[in-house]
Amino acid sequence: RPITTSLELGELVRTVRKDVGLTQGDLAGSAGVGQRFVVDLEHGKPTCEIGKVLQVLQMLGIGVVARPPVT
């Protein structure tokens, strides 16, 4: 099912992070972001910087697919 909210994205990040055995600090260091950013992202903060979000997703191996609307 597609993710449609920042809260759902945060839940996915938290789940995958825990599944691979990383702490928030570990993930932050590996992705080149601050631990506070990871905390905010996992809590669904809607104003998280997209570039940093993509860094975290890439570090966790989470793919992103964006498609244009079907016309």
Within the range 6-21, is even one residue of a type in the set (Ser, Thr, Tyr), in a helix (DSSP H, G or I), surrounded by 13 or more Cβ atoms within 10 Å (Cβ to Cβ) and in contact with a Lys or Arg (Cβ under 9 Å, 6 or more places away or on another chain)?
yes
Only one of these conditions is not met by residue 41: (1) surrounded by 10 or more Cβ atoms within 10 Å (Cβ to Cβ); (2) out of contact with any Gly (no Cβ under 6 Å at 6 or more places or on another chain); (3) on the phi < 0 side of the Ramachandran plot. Which number is it?
(2)
Of all the residues that make up the range 39-71, how many are touching a helix residue (DSSP H, G or I) at 6+ places or on another chain (Cβ under 9 Å), in a helix (DSSP H, G or I), under 17 Å from residue 3 (Cβ atoms) and of a type in the set (A, V, I, L, M)?
5
Return the pairs, sorted by first residue and then second, in which the second residue is aliphatic (A, V, I, L, M), the first residue lies in the range 1-12 and is without any contact (Cβ under 8 Å) to a residue 40 or more places away in the chain, the beta carbons are less than 6 Å apart, and the residues are 6+ apart or on different chains.
3/9; 10/41
For a quick check of your reading of the model, give me the residue pairs whose first member lies in the range 47-71 and is free of Cβ contacts under 8 Å to residues at least 40 places away in the same chain, whose second is loosely packed, with under 10 Cβ neighbours inside 10 Å, with beta-carbon atoms closer than 9 Å and at least 6 apart or on different chains.
65/2
If we keep only residues of the range 44-71 that are basic (Lys, Arg) and modelled with pLDDT of 95 or more, then the residue surrounded by the fewest Cβ atoms within 10 Å (Cβ to Cβ) is 45
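The values are calculated or read from the model by the stated rules, or taken from the named source; none is laboratory data. What you see is a predicted model; the values in this text were computed from it and never measured. Neighbour counts run over all protein chains shown; Cβ positions are idealised from the backbone, glycine included.
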